[in-house]
1. For the stretch A:92-179, which fully contained helices (runs of 4 or more DSSP H) count at least 1 residues that are within 12 Å of chain B (Cβ to nearest Cβ) and at negative phi?
2. Taking the stretch B:13-50 as the search range and keeping residues that are modelled with pLDDT of 85 or more and either open to solvent by 50 Å² or more (accessible area, probe 1.4 Å) or more than 11 Å from every other protein chain (Cβ to nearest Cβ) (or both), which one is nearest to residue A:127 (Cα to Cα)?
3. Hey, does the stretch A:6-14 have a residue that's within 11 Å of chain B (Cβ to nearest Cβ), small (Gly, Ala, Ser), touching a helix residue (DSSP H, G or I) at 6+ places or on another chain (Cβ under 6 Å) and buried (at least 19 other Cβ atoms within 10 Å of the Cβ)?
4. One residue is enough: does the stretch A:22-44 have a residue meeting the conditions at pLDDT below 90, more than 18 Å from residue B:27 (Cβ to Cβ), touching a helix residue (DSSP H, G or I) at 6+ places or on another chain (Cβ under 6 Å) and of a type in the set (A, V, I, L, M)?
5. Among the residues of the stretch A:39-60, how many are within 14 Å of another protein chain (Cβ to nearest Cβ) and under 18 Å from the mean Cα position of the chain (by Cα)?
6. Filter the stretch A:27-38 for residues that are more than 10 Å from every other protein chain (Cβ to nearest Cβ) and open to solvent by less than 20 Å² (accessible area, probe 1.4 Å) and give the result.
Amino acid sequence: MPVDLARLYDDHARALFGLALNVTRRDADARDVLQEVFRRLAARPELLAGVDNLRAFLLRLAHNQAIDLLRRRNTREKSAETAIEEQSAGHPFAASARADEEGFRRALAAALVELPPEQRAVVHLKLWEEATFEEIAGILDISPNTAASRYRYAIDKLRGRLRPLYNEIKDSWTTSNNS
Amino acid sequence: MDDFEQFLKNQPLRAVPPEWRSEILAAASQGGRKEIALPAWRGWLWPSPYAWGALAAVWVVILGLNIASQREMDRNRPRGPMPTEQEMVAMFSEYRLELEEFSSVAQPRPAALPIKQPDAPGAWLEYREPEADKVCVQTKRAQQDCAPTIRAMRDSVLT
């Protein structure tokens, strides 16, 4: 069964890249993940046979690939340099012209790095892929309850870390809108 | 989803660098043709393939040794039918007789040790009683135990 790789890429590459980048925190790794997913699809088109939710299936492939890559990387180079590099590179958010917004996005990226990869993946899928906990469970091969509890833990941590900055931005926006 | 979560959700993600598209699609279609499906057992060895591989090799060696030793045991096992209980008893009796015969030939019953002349000093102190193969030594206890026997022996020698 021939696979229209170009179409698949146009439809799903952005989502796969976002998840891969959020999990691996490196542009180069995210690219490797993306390439590996499409290479596998080209090599084994039968993988797509009988797939109901194509996006979820591709996200699952990308997540598995990203986790494999993380494991290999962790065993190869477990060093402080890696952590520092992770915090500075692989920023998953678009740049903003507003300084406070850009500052918040950087702080959010840094806060996400502090989460374990499995919580990071759940947050990413819930917030930026708008997946339900059932869908997340299917993608990450966990139970919906586990997905929900990971999401709650992660959001609590992010809230604790980003609340002051969030309140500051919200207040400034409210003030500017009122004036 | 509360305001905070909604605010996080509204942060836009980066787009895929546009130059990747052609590169990834070209690499995928080239690499895809060359892919050789990895055997399914490779997945079992994840995440420490060397450690699991070594453990599997050790198990294979142990299994091999086990099978080899079982074959050896089978080879040494008697092929004919097991003897009956009566045959076993008869065989054992025969064996015991042979053993007794052999031991009597190889080790003759100890005769009395040469006895010193009764007049010789300390002659009564050492005597090996032929029946019981008992040696009396120069201790108070031994003297008491052996006194009747020594007396009888001395009498027989003197007469």
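The values are calculated or read from the model by the stated rules, or taken from the named source; none is laboratory data. For clarity, every value in this text was computed on a predicted model and none was experimentally measured. Neighbour counts are summed over all protein chains in view; Cβ atoms, including those assigned to glycine, are modelled from backbone coordinates with ideal geometry. Remember, those area values only see protein heavy atoms, side chains included, never the ligands or the DNA or RNA. Shrake-Rupley method; radii C 1.70, N 1.55, O 1.52, S 1.80 Å.
1. Here the list reads A:99-114, A:117-127, A:144-178.
2. Quick first cut of the stretch B:13-50, residues modelled with pLDDT of 85 or more only: B:13-27.
Keeping just the survivors that are either open to solvent by 50 Å² or more (accessible area, probe 1.4 Å) or more than 11 Å from every other protein chain (Cβ to nearest Cβ) (or both) gives B:14-15, B:18-19, B:21-23.
Values: B:14: 14, B:15: 16, B:18: 24, B:19: 27, B:21: 25, B:22: 29, B:23: 29 Å.
So the residue we want is B:14.
3. no
4. So far as the stretch A:22-44 goes, yes, one or more of its residues are at pLDDT below 90, more than 18 Å from residue B:27 (Cβ to Cβ), touching a helix residue (DSSP H, G or I) at 6+ places or on another chain (Cβ under 6 Å) and of a type in the set (A, V, I, L, M).
5. The first filter runs over the stretch A:39-60 and keeps only residues within 14 Å of another protein chain (Cβ to nearest Cβ), leaving A:39-48, A:58-59.
With the extra rule that they be under 18 Å from the mean Cα position of the chain (by Cα), the set shrinks to A:58-59.
Final tally of qualifying residues: 2.
6. A:29, A:33
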